[in-house]
Amino acid sequence: MFVAGYLKVVLKRWWCVAITVALAAGAAYIYCAAQTPRYATSLTFFVTTPNRGVSDAYQGNLFTQQRVKSYASLLVSDRLAAKIAADPRIGLDAKQVRARITAAPVPDTVLLRAVVTDVDQVRAERIAARVATDFKAMLESLETPAGSTDTPIKVEVISGPESQAGPVSPRPVRDIGGAVLVGLILGVALAIQLELLDSSVRDADHVQEITERSVIAHVPFDTSARREPLLVGEAGFSARAEALRGLRTNLQFLDVDNPPTAVVITSSLPGEGKSSTAANLGIVLAETGQRVLLIDGDLRRPSLAGYFDIEGAVGLTNVLAGQVSIDETVQQWNSSLWILPSGIIPPNPSELLGSRQMAELLAAARAKFDMVIIDSPPLLSVTDAAILATRTDGVVYVSRSGRTTTTQMSAAIKAIKAVDARLLGTVLNMEPRRQSSPYHYYQYATEAAAQPVPPTPEPALTGERHRSRSSAG
């Protein structure tokens with residue numbers, strides 16, 4: 001993945017970056033607000049040894065550098081802390097004084113730096129002043145040999161005590177800025193990690209690689225589809241409608257010499273839009289004047305009767321059981337579209353769909369209609385779709401962009417191939433809209449809004465709307 005690819009991932013998953021940055025900045029702000037300001041006073045010691053020549057100076061310098069490392073420990077010793085705590089102005093015990101002092105030698109020098117940090121700036125200055133005098137006296141006392149008045153070590157304060165102008169912690173600008181930077185890095189890393197772990201199918205190239213068939217329709221995501229699932233009225237001029245008309249055209253040109261006249265619409269799992277695709281494909285095919293029969297072959301969770309607002313209590317299962325004929329059961333929805341609902345939900349859907357009666361029903365339907373569309377259950381849930389696929393000209397597989405995974409798609413295609421059925425192509429459903437869409441979705445939507453919307457034709461049913469049935473012949 002190149003830089004452009006990473007940038008694309010970050011832009012696509014910008015919410016990951018935004019959330020991590022917001023959380024990091026919020027945590028830093030809470031931390032800063034909860035902390036008591038602390039102030040620092042620093043001082044620097046110069047440690048040397050008396051010498052009488054160049055050789056003595058060199059050896060003394062090496063000796064002092066080694067000793068300075070030990071003197072840093074003396075600065076935070078209990079002995080020095082106890083001397084400082086004896087001052088009544090300090091108001092702390094030896095342990096508390098020691099916790100406020102830090103010391104470290106300046107590398108490759110004979111300098112020793114000490115810092116006193118306290119919530120009270122005045123007290124920090126007092127402790128630092130005592131460190132300057134008491135440490136010098138304690139060190140020279142320790143280094144003076146017994147019975148001698150000369151000490152081989154000389155300690156001088158060359159800098160400080162010096163207090164910083166403001167608190168050393170917390171520093172809101174520094175702390176929050178650092179947290180934002182960390183959150184940004186973590187957000188980018190999280191976005192890239194999620195992209196690497198995301199196995200969902202999102203583009204046509206990926207679909208074609210798995211299915212070995214082209215994508216025959218890119219159906220854009222439409223927020224109004226839930227309340228207006230059918231392509232009637234204004235919805236008939238939407239980007240979604242244009243995509244389904246593209247599916248209609250592609251089906252007609254898949255095999256010019258022998259175009260499909262009976263197709264199964266299915267998906268991997270529920271919720272990918274197979275039923276709405278089947279219903280709307282029937283509507284756009286009927287627009288061309290073809291006689292279309294739409295069969296609800298999902299005998300487990302039927303939905304077409306609800307989409308078209310028709311009676312679904314009597315339907316396919318009743319015909320297969322020999323209770324009624326197909327001519328008595330199909331319902332005419334408009335001048336070119338007939339619908340055969342599922343009927344009652346049977347205990348043995350797979351056996352019914354694979355029966356001789358189902359084969360005879362499809363043969364009769366092919367003879368009377370130009371196109372037969374069957375909405376079937378998902379492939380990975382039950383075997384119904386695979387059974388129906390063997391009795392038709394092929395399968396239109398519907399996958400939901402960003403939701404159907406490569407594993408699910410591969411398993412569905414494997415189920416189709418296992419029964420030697422023909423995969424006509426894939427519909428990439430609920431695809432995010434992009435300006436680069438081959439259908440120019442936004443242009444279609446704009447032009448459609450400027451055109452007068454024709455009145456929606458009333459369903460041509462005989463008798464009552466919800467209970468009538470008409471002959472398919």
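The values are calculated or read from the model by the stated rules, or taken from the named source; none is laboratory data. For clarity, every value in this text was computed on a predicted model and none was experimentally measured. Methodologically, a virtual Cβ is constructed for each residue, glycine included, from the backbone with ideal geometry; neighbour enumeration extends over all protein chains shown.
Summary table
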| quantity | calculated |
| --- | --- |
| Test: residue 123 is crowded, with 18+ Cβ neighbours inside 10 Å, touching a helix residue (DSSP H, G or I) at 6+ places or on another chain (Cβ under 7 Å) and not assigned by TED's automatic domain parsing to the domain that holds residue 16 | no |
| Sole residue being modelled with pLDDT under 95, polar (S, T, N, Q), assigned by TED's automatic domain parsing to the domain that holds residue 234 and under 16 Å from residue 275 (Cβ atoms), chosen from 381, 410 | 381 |
| Tabulated pairs, region 252-266, first touching a residue at least 60 places away in the same chain (Cβ under 8 Å), second among the polar types (S, T, N, Q) and assigned to a loop (DSSP other than H, G, I, E, B), C-beta under 7 angstrom, 6+ apart or interchain | 262/392; 263/392; 264/376; 264/392; 265/376; 266/376 |
| Elements of type helices (runs of 4 or more DSSP H) contained in region 283-380, each with 3 or more residues being crowded, with 16+ Cβ neighbours inside 10 Å | 304-308, 316-320, 349-353, 356-368 |
| Odd one out for residue 192, checked against (1) more than 20 Å from residue 396 (Cβ to Cβ); (2) in the same structural domain as residue 416 (by TED's automatic domain parsing); (3) buried (at least 16 other Cβ atoms within 10 Å of the Cβ); (4) in contact (Cβ under 8 Å) with a residue 40 or more places away in the chain | (2) |
| Qualifying residue in region 211-220 (condition: part of a helix (DSSP H, G or I) and more than 30 Å from residue 127 (Cβ to Cβ)) | yes |
| Qualifying residue in region 231-238 (condition: surrounded by 21 or more Cβ atoms within 10 Å (Cβ to Cβ) and hydroxyl-bearing (Ser, Thr, Tyr)) | yes |
